[in-house]
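K.L.:
Shown below is the structure under consideration.
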Amino acid sequence: MSRHNRVLLGAPLLVAALPAFAQERPRDEIVVTAEKLIEEAIQRVGETPGGANVVPAGDFDEKVAVSLRDALAFSPGIYAQPRFGQEVRLSIRGSGISRGFHMRGLTLLQDGIPVNLADDNGDFQELDPAFLQHVEVFRGANALRFGASTLGGAINGVTPTGRSSNGVRLRIDGGGFDTLRGFASAGYADERGDAWLAIAGDRSDGDRDHARRKALRVNGNIGLRLSEGVETRFYASAQTIRQELPGALTYAAALSTPESGNFAGDQARDIDSLRLQNRTTIAIGDGKLDLGVFLNAKQLHHPIFQLVDQKSLDWGSYARLDQDFGAFAFTAGVTARFGTVASRRFVNVDGEQGAKTFAADQAARTIDAYAEARIRPAERLTLIAGTVYTSGLRRQDQVFPVVATGRATFDQLSPKLGLLFEPSGQVQLYANLSRSHELPGFIELAQISSFVPLDAQRGWTAEIGGRGRIGPLRFDLSLYRADLDGELLQYNVAPPTIPASTFNAGRTRHQGVELGLDLNLAVWARLRQVYQYSDFRFRGDAQFGDNRLPVIPEHLYRAELRLGGEALHVAPNLEWTPRGAWADYANSFRTDGHMLFGLSAEARVDERFTLFADARNLGGRKAVGDISAVVQYTPASAIFTPVERRSVFAGVRAAF
């Protein structure tokens, strides 16, 4: 048995061996349930005049939630498609549509602290759903409360505390492709404070050749009540992630031999990271002041076309004030992020370091200041006005093979106007008009070596919609249109030694429909559905005219029918793409659509133990799940990632 597997299987024993006080349940008055915190998050969504929702962990507990795709599969407006392992395509309203790797166009946070680096690029693999109590999704400008200014908005993963997850919780699951995962947590709380600690490990051979992965993660936080209205909380998370990269395939290979992978160069993405943060909350009347500082250290070992070796250090602070005076309320805050990257590249010799080809020191600064006021002129009507200002700096000092300096500064201001109307206590209608901006990061600016001059991406978005409950129906509907100027589009180019290029497009338009429908058919039957219509295109482009943008299909529908009760239920599900997405900007080739079937089930043995199972792609369908855009498709274009292969997983959860 490997050392990693010994650590994985030993995780439950480690937590079970914690001191006895960690297993003792404190008095009810010092425990804050996860349900109450989720209700408070839903209330914040109810104050937002646009697309937003909360995903409790219970919505994906019975899934083998390897990535954010599994956690957000039924979150309206989120396009999430697996690539391999924990790598996913994550996009809201077409954000980062042409980025075939890493993440762009979204602000990803854990407990309110950005996971993104200071230049706004990031790796969402560092946010593991196993640790999350719930996920908050604020689409587009509705994410202003986090200082987010991008087209996509923000996703905030919230971890438990010793008050919301008291006692010991264990989970172990596994199945297809030699997958094995373990999770253990312990929480404790008393009148003075609380503590929560969790450890998770997983390994898998992956559903393709050269797609093995393993990871070990630790998360924890300690909260101290300094006085009646003051609490401070310290967070720490560490992860070591090892992921082989199987690479993209030609269309023919994706449909005939989707299990195949690329062994050339032993490509991989290995991440070691540590995040530390402190948040102090001070109650002020009917509001609060949040103050925080954070430090993120990360090392990336990434053999691809060359071996990329990066060591980054990011730090920053934030302040956010929320006040509610009844008919008037406001939120104001600032987040300042600073970061340095020691960026090195070497010849990739079968995954090992060869001769040095590039060296540079990079520095980034991103400061977001934001404010939002909410006025209630009538009992059922709320008017909202806000703005976010971003100041950014990107600097690269290249020291090898030549000495050169590149520098770019950005200043952007984006206002927002909105209204929220409640015709009944269970229905809300909303509308908003907002501006968004997105600054390029080092992947865009320092594409190969020399700095490339790029502008910020800007756009205006209009949105109308509503959410609520009407009898047995719960709905969440948004219709939006975003007119963008200078959209940052990326595409693969030749020769193969140059992996990608980015440019500012002219005018583009992203418009669509985001719909979530939950229907309680009976006490023992609930139907969950999400549907997305995505119409993303150029507008009078000199080269591409009014062509559609590639990667994301026009229509996507997911449904799950849960049959049974809390003691036992089964849930068949499907994902349907009637026709696939374009592969290139020239719109010369479109992939076929597909329909995937799955099934999950859960059985509660007693108050402590729950069994669950998760089966995927039961029909064994071969289809394309993701695309890396190119200018002009050819049959030799290796740009396609196949959908997940047929697999079955099962596990057990326990709470003490």
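K.L.:
Which of the residues belonging to region 116-135 are open to solvent by less than 10 Å² (accessible area, probe 1.4 Å), within 22 Å of ALA364 (Cα to Cα) and of a type in the set (A, V, I, L, M)?
P.N.:
Once the filter is applied, which keeps residues that are open to solvent by less than 10 Å² (accessible area, probe 1.4 Å), within 22 Å of ALA364 (Cα to Cα) and of a type in the set (A, V, I, L, M), region 116-135 yields only ALA118.
K.L.:
Only one of ALA154, ALA195, ALA141 is within 30 Å of LEU488 (Cα to Cα) and open to solvent by 10 Å² or more (accessible area, probe 1.4 Å); which?
P.N.:
After ruling out the rest, the residue left standing is ALA141.
K.L.:
Which pairs turn up if I take residues in region 627-652 that are more than 20 Å from ALA65 (Cα to Cα) and look for partners that are in a loop (DSSP other than H, G, I, E, B) and open to solvent by 50 Å² or more (accessible area, probe 1.4 Å) with beta carbon separation below 6 Å, at least 6 apart in sequence or on another chain?
P.N.:
That search, which allows pairs on different chains as well, returns TYR633/SER588.
K.L.:
If you don't mind, there's one more thing I want to ask. Of everything in region 267-287 that's surrounded by 15 or more Cβ atoms within 10 Å (Cβ to Cβ) and more than 27 Å from the chain's Cα centre (by Cα), which residue is modelled with the lowest pLDDT?
P.N.:
Filtering first and then ranking leaves GLY287.
K.L.:
Right, here's the next one. Is it the case that region 36-49 has a residue that's surrounded by fewer than 19 Cβ atoms within 10 Å (Cβ to Cβ), modelled with pLDDT under 90 and touching a helix residue (DSSP H, G or I) at 6+ places or on another chain (Cβ under 8 Å)?
P.N.:
Scanning region 36-49 turns up at least one residue that is surrounded by fewer than 19 Cβ atoms within 10 Å (Cβ to Cβ), modelled with pLDDT under 90 and touching a helix residue (DSSP H, G or I) at 6+ places or on another chain (Cβ under 8 Å).
K.L.:
Being in a strand (DSSP E or B) and surrounded by fewer than 16 Cβ atoms within 10 Å (Cβ to Cβ) is the filter here; which residues of region 358-382 pass it?
P.N.:
ASP361, ALA373, ILE375, ARG376, PRO377, ALA378, LEU381
K.L.:
Based on what the data block shows, is GLN511 open to solvent by 30 Å² or more (accessible area, probe 1.4 Å), free of Cβ contacts under 8 Å to residues at least 60 places away in the same chain and outside any strand (DSSP E or B)?
P.N.:
no
K.L.:
Given the criteria out of contact with any Lys or Arg (no Cβ under 7 Å at 6 or more places or on another chain), in a strand (DSSP E or B), among the hydrophobic types (A, V, I, L, M, F, W, C) and under 30 Å from LEU245 (Cβ atoms), does LEU289 qualify?
P.N.:
No.
K.L.:
Tell me the residue from ALA16, ALA65, ALA20, ALA71 that is at pLDDT 85 or above and over 22 Å from ARG481 (Cα atoms), please.
P.N.:
From the options ALA16, ALA65, ALA20, ALA71, the qualifying one is ALA71.
K.L.:
To continue, here is another question. Suppose we keep only residues that are in contact with a Pro (Cβ under 7 Å, 6 or more places away or on another chain), in a strand (DSSP E or B) and among the aliphatic types (A, V, I, L, M) within region 569-613. Which one would you say is farthest from ARG558 (Cα to Cα)?
P.N.:
Among those residues, the one meeting the criterion is ALA581.
K.L.:
Go through (1) open to solvent by 60 Å² or more (accessible area, probe 1.4 Å); (2) under 15 Å from PHE410 (Cβ atoms); (3) in contact (Cβ under 8 Å) with a residue 40 or more places away in the chain one by one and return the number of the condition TYR389 breaks.
P.N.:
Failing condition for TYR389: (3).
K.L.:
Within region 63-81, can you find the residues that are touching an Asp or Glu at 6+ places or on another chain (Cβ under 6 Å) and open to solvent by less than 20 Å² (accessible area, probe 1.4 Å)?
P.N.:
VAL64, PRO76, GLY77, GLN81
K.L.:
Looking at (1) at pLDDT below 95; (2) surrounded by fewer than 16 Cβ atoms within 10 Å (Cβ to Cβ); (3) assigned to a strand (DSSP E or B), which is the one condition that is false for PRO496?
P.N.:
(3)
K.L.:
Keeping to region 342-356, report how many residues are assigned to a strand (DSSP E or B) and surrounded by fewer than 17 Cβ atoms within 10 Å (Cβ to Cβ).
P.N.:
So the answer is 8.
K.L.:
Still on this structure, please answer the following. Limited to region 368-415, what total is found for residues that are touching a Pro at 6+ places or on another chain (Cβ under 8 Å) and among the hydrophobic types (A, V, I, L, M, F, W, C)?
P.N.:
Residues meeting the conditions: 4.
K.L.:
Which residue, of GLY261, GLY247, is in contact with a Lys or Arg (Cβ under 8 Å, 6 or more places away or on another chain), over 30 Å from SER317 (Cα atoms) and not basic (Lys, Arg)?
P.N.:
GLY261
K.L.:
While we're looking at this one, here's another question. Give me the pairs: first residue in region 145-170 and closer than 18 Å to TYR235 by Cβ and touching a residue at least 60 places away in the same chain (Cβ under 8 Å), second residue among the charged types (D, E, K, R) and not in a loop (DSSP other than H, G, I, E, B), beta-carbon distance under 6 Å, and six or more apart or on different chains, which are they?
P.N.:
THR161/ASP194; GLY162/ASP194; ARG163/ASP194
K.L.:
Please find, among GLY418, GLY441, the residue that is within 18 Å of ASN504 (Cβ to Cβ) and either within 24 Å of the chain's Cα centre (by Cα) or at pLDDT 95 or above (or both).
P.N.:
GLY441
K.L.:
Pairs needed: first member in region 70-85, without any contact (Cβ under 8 Å) to a residue 12 or more places away in the chain and closer than 22 Å to ARG646 by Cβ; second member anywhere, in a helix (DSSP H, G or I) and not β-branched (Val, Ile, Thr); C-beta distance under 6 Å; at least 6 residues apart or different chains.
P.N.:
Final answer for the pair search is none.
K.L.:
On the basis of being among the basic types (Lys, Arg) and within 25 Å of the chain's Cα centre (by Cα), does ARG645 make the cut?
P.N.:
yes
K.L.:
Failed condition for PHE305, given (1) more than 22 Å from the chain's Cα centre (by Cα); (2) part of a strand (DSSP E or B); (3) over 30 Å from LEU144 (Cα atoms); (4) of a type in the set (A, V, I, L, M, F, W, C), with all others met?
P.N.:
So PHE305 meets the others, but not (2).
Residues are listed down the side, and each one gets a yes or a no for (1) without any contact (Cβ under 8 Å) to a residue 40 or more places away in the chain; (2) of a type in the set (S, T, N, Q):
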position: ARG203; (1), (2): no, no
position: ARG212; (1), (2): yes, no
position: ASN219; (1), (2): no, yes
position: GLY229; (1), (2): no, no
position: THR232; (1), (2): no, yes
position: ALA248; (1), (2): no, no
position: TYR251; (1), (2): no, no
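K.L.:
For SER260, are the conditions met, namely being touching a helix residue (DSSP H, G or I) at 6+ places or on another chain (Cβ under 7 Å), under 22 Å from PRO635 (Cα atoms) and touching a residue at least 40 places away in the same chain (Cβ under 8 Å)?
P.N.:
Yes: the conditions hold for SER260.
K.L.:
How about region 450-467: which of its residues are surrounded by fewer than 19 Cβ atoms within 10 Å (Cβ to Cβ) and small (Gly, Ala, Ser)?
P.N.:
SER450, ALA462, GLY466
K.L.:
Next question. Report yes if GLU607 is touching a Lys or Arg at 6+ places or on another chain (Cβ under 7 Å), open to solvent by 40 Å² or more (accessible area, probe 1.4 Å), farther than 26 Å from THR179 by Cβ and at pLDDT below 95, otherwise no.
P.N.:
No.
K.L.:
So, one more: Can you tell me which residue within region 619-643, out of those that are in a loop (DSSP other than H, G, I, E, B) and touching a Pro at 6+ places or on another chain (Cβ under 6 Å), is surrounded by the fewest Cβ atoms within 10 Å (Cβ to Cβ)?
P.N.:
Among those residues, the one meeting the criterion is LYS622.
K.L.:
State which residue pairs qualify: first residue over 10 Å from VAL308 (Cβ atoms) and acidic (Asp, Glu) and inside region 341-360, second residue assigned to a loop (DSSP other than H, G, I, E, B) and open to solvent by less than 40 Å² (accessible area, probe 1.4 Å) in any location, beta carbons under 6 Å apart, and separation of 6 or more residues or different chains.
P.N.:
none
K.L.:
Return the residues of region 392-440 that are outside any strand (DSSP E or B) and open to solvent by 30 Å² or more (accessible area, probe 1.4 Å); say none if nothing qualifies.
P.N.:
Result: PRO401, VAL402, VAL403, GLY425, GLN426.
The values are calculated or read from the model by the stated rules, or taken from the named source; none is laboratory data. Treat the numbers as computed from the prediction; the structure is a model and nothing was measured. As a convention, Cβ positions derive from the backbone with ideal geometry for all residues, glycine included, and neighbour counts pool all protein chains shown. Surface accessibility is based on the protein's heavy atoms, side chains included, excluding ligands, DNA and RNA. Shrake-Rupley method; radii C 1.70, N 1.55, O 1.52, S 1.80 Å.
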